[in-house]
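Throughout, read-outs are computed from the coordinates displayed, never taken from laboratory work. Everything quoted here is computed from the prediction, not taken from an experiment. Every residue, glycine as well, gets a Cβ built from its backbone with ideal geometry; the counts of neighbours run over all protein chains shown.
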DNA sequence: CCTACCGATCGGTAGG
DNA sequence: CCTACCGATCGGTAGG
């Protein structure tokens, strides 16, 4: 507005040019998909020419790799931040909150992580698979602990883990960070839903 | 094998060439994504040249449109086949079974439906959105009926519907039609999980 | 960060 | 269903 030049994307201070490229790439990859996004389009959003991007990055796939990597970091850090000494119910709630927080806080990165990671190849792809497995293992440990303590009641821990992760994972499709539901309310809904699914409260009626 | 010519894709009898193109397109779109699949690659899998495809179809997008359309048909038909006069619990189970049956029966089509429909544009895209909404409305009616009858106990019918659909939708990511779990067993797991999540059995303990 | 440019490949058409 | 071919666009490089 006013006298400022028509620079569409103003960089937040402290953000490197590279971070800005990644941010905009995340937006475009999310909206159009990795392969439907051209480097020229990405450059245009940043007010520069396609070739200039290569002063900051090596390749298009590197962008995807780094976006997916950052999301995987965030999810894994969130899961590993869940206190092991808390009760299974509290741990599950913390896991859910963390998952939703990551999605809400970086919906573009998260969406690209869930939707476009298959377009990675070689070791990068393998690296993603490993971290997804690690994330799933964190949730599985919580479910197993709940079954062991009698707080949960499920027939098959692996299937229960898979279904719970399914419930959480799909949320990137519809969760709107600028939506009406605040994180804590959404966490409460999700937690109650998942706890019921895991058979919590079957023994102890309220 | 034997003396048969090296025709990699043998058409099932009664299947038109066009159906065969759609089938193979579904496989490739699922594996590589819509934009990462070239018409030449598709043609090669069918032992013909890229240009020859256009004797059977008008455009690449038409392929996507028809694949997504067929999947939407299948899901909607499944949901509408659930008997309205059954109990909410039975209706939910039937909905779950139908959903899983569609995915298991046509995993390629279903995966493309969930993953690639955003690459449709204009009226085709709108058409998909309408049918997704209709499918969701079918599930919502079941959840609402269960709440009304006292069989289910949820705080918010819309959120509960959304989370249940999330649990079901993600299954295209991992469900393996050639996997160990037969449909009925998987249906039983899912149904128990979702019924618990919806608060069924909270009042009446078994 | 720019201009100029590269070879490759894309979806699709013409004409048989 | 083929050969031959089209304009457009792709990711990326050279050289400044």
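Which distances, in nm and shortest first, link the residue B:38 label point to the same label point in every other copy, taking 7 Å along Cα→Cβ?
1.7
For residue A:58, go 7 angstrom from Cα along the Cα-to-Cβ vector, then report the distances to that same point in the other copies in nm, smallest first.
Computed spacing set for this position: 4.5 nm.
If you fit an axis through the alpha-carbon atoms of helix B:157-169 and take the longest principal axis of the Cα set of chain B, what angle between them do you get, 0 to 90°, nearest 10?
Approximately 40 degrees, to the nearest 10.
Where the label is 7 Å out from Cα toward Cβ, how close does residue A:77 come to the same position in every other copy, in nm, shortest first?
Copy-to-copy label distances for residue A:77: 4.9 nm.
Report, in deg cm²/dmol and to the nearest 500, the calculated mean residue ellipticity at 222 nm for the protein assembly as shown, where each DSSP H run with n ≥ 4 adds -39500 (n - 2.57) and the sum is divided by the residue count.
-20500 deg cm²/dmol
Relative contact order of segment A:47-113: what whole-number percent is it, with Cα pairs under 8 angstrom and at least 6 residues apart?
So the answer I get is 39 percent.
Quick check: the angle from helix B:107-116's long axis to the longest principal axis of chain B, C-alpha only, nearest 10 degrees?
80
Compute the angle between helix B:60-80 and the longest alpha-carbon principal axis of chain B, please, reported from 0 to 90 degrees and rounded to the nearest 10.
On a 0 to 90 degree scale, this one is about 30.
Using only alpha carbon pairs under 8 Å that are at least six residues apart, calculate the relative contact order of chain B and give it in whole percent.
Result for chain B is 21 percent.
Round to a whole angstrom and tell me the spacing of the C-alpha centers of segment B:53-129 and segment A:147-206.
26
Apply the Debye scattering formula to segment A:61-197, with a single equal point scatterer on each alpha-carbon and no solvent, then give log10 I(q)/I(0) at q = 0.21 Å⁻¹.
Relative scattering, expressed as log10 I(q)/I(0), comes to -1.29.
Please state the equivalent ellipsoid semi-axes for the protein assembly as shown: what are the square roots of 5 times the Cα gyration tensor eigenvalues, largest first, in whole Å?
After scaling each eigenvalue by five and taking roots: 36, 31, 20 Å.
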